[in-house]
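For reference, the structure is listed below as structure tokens.
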Amino acid sequence: PRRPRRSEADRQGASARFLTAVGAATPSTSASSGGDAWKDLVDFDTFRWNGYSINYAVNKSRNPEALDVLLVHGFGASIGHFKKNIAELVAKGYNVHAIDLLGFGESEKPLGYSYTMEGWRDLLVSYVEEVALAPKGLVIAGNSIGSLATLLTAEALVGGPLQSRLKGVVLLNCAGGMNNAATLDDDWRVKLAYPIFALINALLSIKPVAQFLFDKIRDETFIE
């Protein structure tokens, strides 16, 4: 059945809150948000998802009248990736959530688990249902594969009982898929570059090579 259309006032209100959250999610350059000071602003906790322990952080000074913002990191990252954003969002009065996806940060890293975008989507949906109650609405902001997980989560929430809770999404450096094969289509430029993608896949399938590249990329000086 077709969902009832929201009024113009509702759409404008949601858009305003969404754009405000986008502005607040811009990385801060202020000294007060650096180092580990952001950890004093949040409480860390865990919840169980499909039998796995999932780590998350929520700001201590919660405002029942404020919008909630859920931050979803990208590949190889964790909650700390958003340390400056957390400080800025809390300073602006939002209720802030940040989560370590399964396999990252302080969340459980099960061996033999098949990691998929759909799995992370289901994890985020469960978090929204069980933890991020967000009585005044929720904006989900994701980076890299976190952006893709954010879109999938929003799609799952729209049309369901939690649709009215979702007020918007923020996509930062959005990934196109977990595998570059997902980008193969009729675009001649993609087909021309595909041998390079195939070579990268072949190299990354060699564990010593993949470990060497990962160790280089995750270096703090490289990331900065």
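Remark: pairs (first residue in region 39-51, without any contact (Cβ under 8 Å) to a residue 40 or more places away in the chain; second residue not in a strand (DSSP E or B); Cβ separation under 6 Å; 6+ apart in sequence or on different chains) = ASP43/LYS60. Out of curiosity, is LYS60 among the basic types (Lys, Arg) and closer than 24 Å to LEU171 by Cβ? No: the conditions fail for LYS60.
Selection of region 87-126 for residues being among the hydroxyl-bearing types (Ser, Thr, Tyr), surrounded by fewer than 20 Cβ atoms within 10 Å (Cβ to Cβ) and within 23 Å of LYS167 (Cα to Cα) yields only SER126.
The residue of region 71-86 that is nearest to the chain's Cα centre (by Cα), among those that are crowded, with 22+ Cβ neighbours inside 10 Å and hydrophobic (A, V, I, L, M, F, W, C), is VAL72. Within region 123-139, being hydrophobic (A, V, I, L, M, F, W, C) and closer than 19 Å to THR46 by Cα holds for LEU123, LEU124, VAL125, VAL128, VAL131, ALA132, LEU133, ALA134.
Among (1) under 18 Å from the mean Cα position of the chain (by Cα); (2) among the aromatic types (Phe, Trp, Tyr); (3) at pLDDT below 95, where does TYR194 come up short? Exception for TYR194: condition (1).
If you filter region 24-49 down to residues that are farther than 24 Å from ASN63 by Cβ and modelled with pLDDT of 95 or more, you find that the one that is farthest from the chain's Cα centre (by Cα) is ARG48.
Consider only pairs whose beta carbons are under 6 Å apart and that are at least six residues apart or on different chains; among these, list those whose first residue lies in region 133-149 and is within 17 Å of LEU102 (Cα to Cα) and outside any loop (DSSP other than H, G, I, E, B) and whose second residue is open to solvent by 10 Å² or more (accessible area, probe 1.4 Å) and of a type in the set (Lys, Arg). If the second residue must be open to solvent by 10 Å² or more (accessible area, probe 1.4 Å) and of a type in the set (Lys, Arg), the pairs left are ALA149/ARG121.
If only residues of region 37-92 that are assigned to a helix (DSSP H, G or I) and among the aliphatic types (A, V, I, L, M) are counted, the one that is nearest to SER147 (Cα to Cα) is ILE79. Within region 104-120, the set of residues being closer than 12 Å to TRP49 by Cα, over 10 Å from the mean Cα position of the chain (by Cα) and outside any loop (DSSP other than H, G, I, E, B) comprises just one member, GLY119.
The values are calculated or read from the model by the stated rules, or taken from the named source; none is laboratory data. The shown structure was predicted, so the numbers you read here are calculated from the model rather than taken from an experiment. Glycine gets a Cβ as well: all are built from the backbone with ideal geometry, and neighbour counts include every protein chain shown. The protein model used for the area step is the full one, side chains on, heavy atoms only, and it has no ligands, DNA or RNA in it. Shrake-Rupley method; radii C 1.70, N 1.55, O 1.52, S 1.80 Å.
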